[in-house]
1. Can you confirm whether residue 86 is surrounded by 12 or more Cβ atoms within 10 Å (Cβ to Cβ), modelled with pLDDT of 85 or more, not hydrophobic (A, V, I, L, M, F, W, C) and not in a helix (DSSP H, G or I)?
2. Residue 218: at negative phi and either modelled with pLDDT under 90 or in a loop (DSSP other than H, G, I, E, B) (or both), yes or no?
3. Of everything in the stretch 205-220, what is out of contact with any Leu (no Cβ under 7 Å at 6 or more places or on another chain) and closer than 30 Å to residue 255 by Cβ? Give them in sequence order.
4. Check off (1) farther than 30 Å from residue 314 by Cα; (2) hydrophobic (A, V, I, L, M, F, W, C); (3) assigned to a helix (DSSP H, G or I) for residue 93 and give me the number that stays unchecked.
5. I'm trying to understand the selection: among the residues of the stretch 212-249, which are over 20 Å from residue 315 (Cβ atoms) and surrounded by fewer than 16 Cβ atoms within 10 Å (Cβ to Cβ)?
6. Among what's in the stretch 22-78 and is at pLDDT 85 or above and of a type in the set (Asp, Glu), pick the residue that is farthest from residue 214 (Cα to Cα).
7. If I go through the stretch 120-171 residue by residue, how many of them are basic (Lys, Arg) and either part of a strand (DSSP E or B) or within 27 Å of residue 240 (Cβ to Cβ) (or both)?
8. Identify all residues within the stretch 130-154 that are of a type in the set (A, V, I, L, M, F, W, C) and either under 13 Å from residue 178 (Cα atoms) or out of contact with any helix residue (DSSP H, G or I) (no Cβ under 8 Å at 6 or more places or on another chain) (or both); write none if there are none.
Amino acid sequence: MNRKHMPLLIGGVVALLLAAALSYLLFSAKGSYADGFSGLSNVQGRLQRLTSRAVFPSEPNVQAMGKQVEIYQDYLDGLFESMSQGQIATEPITRDRFRQLMEAVLRQLMNDARAKSVALPPDFAFGFQRYAAGNLPVEEEMGRLVDQLRSIAALCEILYDAGIGELVSVERTVFEKDAQVAVPEEEQGRRGRNRAEPVAVATSTELFRDPDGLFTKEHYVLSYRAQDAANWKALDRLARGAPFTVVTKLEISNPARPAVVPPKVEEKVAVPSQPVSTTGWQAPPGAAGTGVTKEEPAILPRELRVVAGQELPNVRLEVDLYRFAETAVDVAKGEENP
């Protein structure tokens, strides 16, 4: 090949390579454009279908959901009504009215206990000793005190109807500020000097309130003496509600149970065998030295067979008494205004 044509040949090869590269880039860009245009068309079609369809929810769906809301609302109202049976509505009360109500309720409890043969401790005030003595609470504490008074009255009436033998004590949450037990200064100083001495944690006296405003609950402890039948009857009555009560703890102890003393049995004493008489005479079975065993009686005496059931065991009953919102509307208001 002539040397003077070499530059032309090289230039032609380079031109072909550039043309091939440009052709490849052109076809690649055309494919990408086709793919992008196809995706854009799909998105535009979907957007057009979404904007042209009917608005959700439709009117029939709205009506169906409204009927379901009414059904659930009726169920909720019925549930609150059933759980609130036996619950006395809270009402404003004055100090004079509080004194009269306290005297009337305590007198009624004493009369009912006397009528139903229920023994009570002397000067029993059912956990309200301070107010039975004539003291009056402050205005802010009377509402909760009235609820406690009526709740204790309802619980005591349940125990009376069950047939208990004796009501020993009634404990409530003492939340009044002027009734809190303060630690003496001498005790505080002694605790400060002795760091190793454990300090008892004070129990909260605040009324438990549900975060959603559904209910409040109060804790009570009742100690009494009763037969098993009366105790089961009281538990069955509490399980039926009115007022809504949950038994949190039950302790039954019988300190008067008699000790069982089994009858004494004499042990058999081994004696040497007697020689056989040649004349044919032997000592009678009951003679001295023969070691006759005293037989155990087949049936034990009644005082040994009956070891429980005649005495009244001590019962300690702890319950939580609930107060529910009056209606579901009150609950909705509580959720809107926490």
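The values are calculated or read from the model by the stated rules, or taken from the named source; none is laboratory data. Quick caveat: nothing in here was measured; it's all calculated off a predicted structure. FYI the Cβ positions are ideal-geometry reconstructions off the backbone, even for glycines, and counts take in every protein chain you see.
1. Numbers: surrounded by 12 or more Cβ atoms within 10 Å (Cβ to Cβ): yes; modelled with pLDDT of 85 or more: no; not hydrophobic (A, V, I, L, M, F, W, C): yes; not in a helix (DSSP H, G or I): yes.
No; evaluated as a whole, the condition is false for this residue.
2. The answer is no for residue 218.
3. 219
4. (3)
5. If the condition is that a residue be over 20 Å from residue 315 (Cβ atoms) and surrounded by fewer than 16 Cβ atoms within 10 Å (Cβ to Cβ), then 212, 242 are the ones that fit.
6. 35
7. Residues in the stretch 120-171 being basic (Lys, Arg) and either part of a strand (DSSP E or B) or within 27 Å of residue 240 (Cβ to Cβ) (or both): 2 in total.
8. Across the stretch 130-154, the qualifying residues are 133, 136, 138, 152, 154.
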